[in-house]
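A quick write-up on the structure given underneath.
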Amino acid sequence: MPNVSVRRCSKPSCSRTAVATLTYVYADSTAVLGPLAVYAEPHCYDMCEKHSERLTAPRGWEVVRLAPDPDALRPSNDDLEALANAVREAARPRVDARVEETGSVEVSRRGHLRVLRSVTDAEV
């Protein structure tokens, strides 16, 4: 099955894959061309490499080209540590529900959040 999430260039009759997103800031008479946005927005234009390189703006407008920092695209140490902590938390064995000192039982857990249910003396 083909990948339907691939975005195409917004230029008519161009079927190339989009690599950049163009946004206009009308108040500043500026065209901003940056890395491909995460989501397609109605007032932004996705562009292929060829059309993004050839982009020109109307007379009196400025074109701002935002080049992504290659180091920013790689996972940081904080990202890797957070991922490792999430894996450890998910792999931690579940303890059977027990009565807390507060008179409640842990029903489920997601990460650091717990769902507690009150317990009556008859249930203990």
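Bear in mind that the values in this text are calculations on the coordinates, not laboratory data. A quick note: this is a predicted structure, and the numbers were derived from the prediction, not measured. So basically every Cβ, Gly included, is an ideal-geometry build from the backbone, and we count neighbours across all protein chains shown.
Less than 5 angstrom separates the built amide H of residue 18 from those of 7, 8, 9, all sequence-distant by 5 or more or on a different chain. The reciprocal of the average 1/r between distinct C-alpha atoms defines the Kirkwood hydrodynamic radius, which for segment 20-73 equals 11.8 Å.
Near residue 116, the amide H atoms lying under 5 Å from its own belong to 107; only residues 5 or more places off or on other chains count, and H is placed 1.01 Å from N. For residue 47, neighbours were defined as the other residues whose beta-carbon sits under 15 Å from its Cβ, and their charges (Lys and Arg +1, Asp and Glu -1) total +3.
For residue 46, the residues 5 or more places off, or on other chains, whose built amide H falls under 5 Å of its own are 10, 22.
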